[in-house]
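First the structure, in the form of structure tokens, and then the observations on it.
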Amino acid sequence: MTRMHRLSRGGWPLLLQLLAVAAVVVVPWWINQRLLSETLVAVDWVTHSSGVTGRAAQLSSSVRDADRALLWLTLNPDLNELRQQIDDARTRQVEAITDLATLTADSAAQSARVAEIRVLLESRHADDDRVLEYISSGDLHMARELLANPASMGQMRRLVEGFIDAENALLAQRQAVSERRRGRFSWAISGFAALQLLFLSLVVGLAARQQRRRTELEVQSRDAQRRAELVFNTIRKPIVLLDGELRVLQHNPAFAMVYAPGGEEVVGRPLREIGGGVWDEAGLLQKLRDVRFLGRELWDHEMHQQTPSGERDVLVNASRMAGAAGNDAYLLLTAADVSAVRQAERQIRELNDRLESQVADVTESNRELEAFSYSVSHDLRAPLRHIGAFADKLQKSLDLPEGDRARHYMRVITDSAARMGRLIDDLLVYSRLGRTRIGAEPVDMDALVAEVRGMLAPEQAGRRIAWQVTPLGRVQGDSGTLRLVWQNLLGNALKYTAKEEQALIRVSHAFDAAAAEHVFTVADNGVGFDMAYVDKLFGVFQRLHPAEQFEGTGIGLANVRRIVNRHGGRVWAESSPGAGATFHFSLPERPVGATGDNTP
């Protein structure tokens, strides 16, 4: 409590000093600024008034120039340059009266005079136009009579002179106000000059108290130094302070524990002799000298050391520190043990090597798969085409009657060959989906569904089908593979509602904000399936209905699953026998950018 009270009392001298500084420096500076501001304002007003009177004189001069040119034109009607002079003079008049209207916006009286001059100027322009008409028609006598009337010119001169006199009077009034303000500021400066002496004497008195305060701060500084030493000695990372000759000045216990575990003295010894010479590396010592003499910093210099306490990898950092007197420079060096990190990196490299080997194996497997796909595509298709073609020719050459058993066998051979060809095509599509890169582009799902419905138009011929399609929006994905998803799902909906008198197919979309994904649904009122076999639904060659009832190869839904999985989504189905089926698939709001196959 006593110390807090003493500190509270010690704060008053500082406050008084701040007030003295404000009185001696800030207030006179502020007064001078105000005085300078008033002077600048007065100069601005003089400049402003000079500009106003100058533009007024230019207006009067341009009016005289126009009258003079008109008079000469009545004497020499064929001088076209006089007409150009009249036009130029009138242009200058319009510019001058416009500038005067802008410059006098701060004075209502002057603005009124400008308006009056503008009206008279417009009247003179009308008279000038009449003179020009008389000259153009050859009636020079009427033109000279109209110009002989001096009343308009005299009125214009009086208005301009009155305007200039009023502007000069306004300027004189503003200058008088500025002079009065400058006088008040001069008196204020004189008063504050007297106060400066008083405050300066007060500052001298407070200096003694400030000295006592400085003594207290020195005590606090020594306490802070002891705390810093405590932190220095507590840190478990080896730290050492070196002089310009790279000799040890100070170190923490962690440094001695690592590099002098036997308890030998290291202070005063060169760094290169510490720890059995583990620091005696020419490159490191040169970098430390560069830090000392060139002011550079050493960052993460890695060393492998065989210290008395064991083998380790360390990262050495060093920075220059100025001495207390400012003329010496020391080096603060730290050594961070990264042995565990390097061991982990070696393990990671070993794992990467194994992973690269596995990737190579997978790559080889993919090449073998591509070779197999090529064999299926080329080597199996030709025999199938031969079987189908020759069976068809044999049937035609035998000319077997309808219902004959041999004719039936021939038809079975032909249909089986065609079915085998479709299976090969679907297998190739399934294989290519695993290798095709999935793009990430905006896809209009409404347009995609409309396109697929158009492709499936032949399968809808002669049927009663009700489509209920809600807005589907846009997603990020690959339009080509997503088209195949819709083609399979909508094709299945048409196929499995073929026996319904009135087919109903619903296509909808919803956004799941919690999962950040778009969910699309295709539902129908077809034959449905038993949910006990739902796990087989998306497998290759897995069919839940006999081929005699519904055609198909059993690969379409497997393709759907593979495409959706590669987009980072998922696919699932709900149904019951005779109650239709509902298929859902989701796509993430942001594309996953996958290029490999996510399907097992």
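Listing GLU356, GLU517 from fewest to most neighbouring C-beta atoms within 10 Å gives GLU356, GLU517. For the range 437-509, applying the loop criterion from DSSP together with a ceiling of 11 other beta carbons within 10 Å to the GluC sites (Glu not before Pro) yields GLU501. Remark: LYS287, LYS536 ranked as LYS536, LYS287, counting other beta-carbon atoms within 10 Å and listing the fewest first. Of the GluC sites (Glu not before Pro) found in the range 277-352, those in coil by DSSP whose Cβ has at most 12 other Cβ atoms within 10 Å are GLU297. Phi angles across the range 294-310 convert, under the Karplus curve 6.51 cos²θ - 1.76 cosθ + 1.60 with θ = phi - 60°, into 3J(HN,Hα) values of 9, x, 7, 10, 9, 10, 6, 7, 8, 9, 10, 10, 9, 7, x, 8, x Hz, Gly and Pro given as x.
Each label point was placed 7 Å from the Cα along the Cα-to-Cβ direction; for GLU574 and ILE465 their separation is 2.4 nm. Potential lengthening of the chain between LEU71 and SER479 amounts to 138.5 nm, from the contour at 0.36 nm per residue minus the alpha-carbon distance. Across the range 563-592, the residues whose backbone nitrogen lies under 15 Å from the label position 7 Å along the beta-carbon direction of ALA516 are 568-569, 587-592. Here GLU311 and ASN352 are evaluated by their C-beta separation; at R0 = 30 Å the FRET efficiency comes out at 0.75. Placing R0 at 41 angstrom, the Cβ-Cβ distance between GLN175 and LEU132 gives a FRET efficiency of 0.35 after rounding to 0.05. Assuming charge only on the beta carbon of Lys and Arg (+1) and of Asp and Glu (-1), the dipole of the range 437-588 about its Cα centre is about 240 debye to the nearest 20.
Applying 1/(1 + (r/R0)^6) with R0 = 41 Å to the Cβ-Cβ distance of ALA115 and TRP30, what FRET efficiency is obtained, to the nearest 0.05? Between ALA115 and TRP30 the formula returns 0.45.
Reported to the nearest whole Å, the Cα centre-to-centre distance from the range 552-588 to the range 455-474 is 18.
Any read-out appearing in this document is the output of simple, stated calculations on the displayed coordinates, not a laboratory observation. What you see is a predicted model; the values in this text were computed from it and never measured. Every residue, glycine as well, gets a Cβ built from its backbone with ideal geometry; the counts of neighbours run over all protein chains shown.
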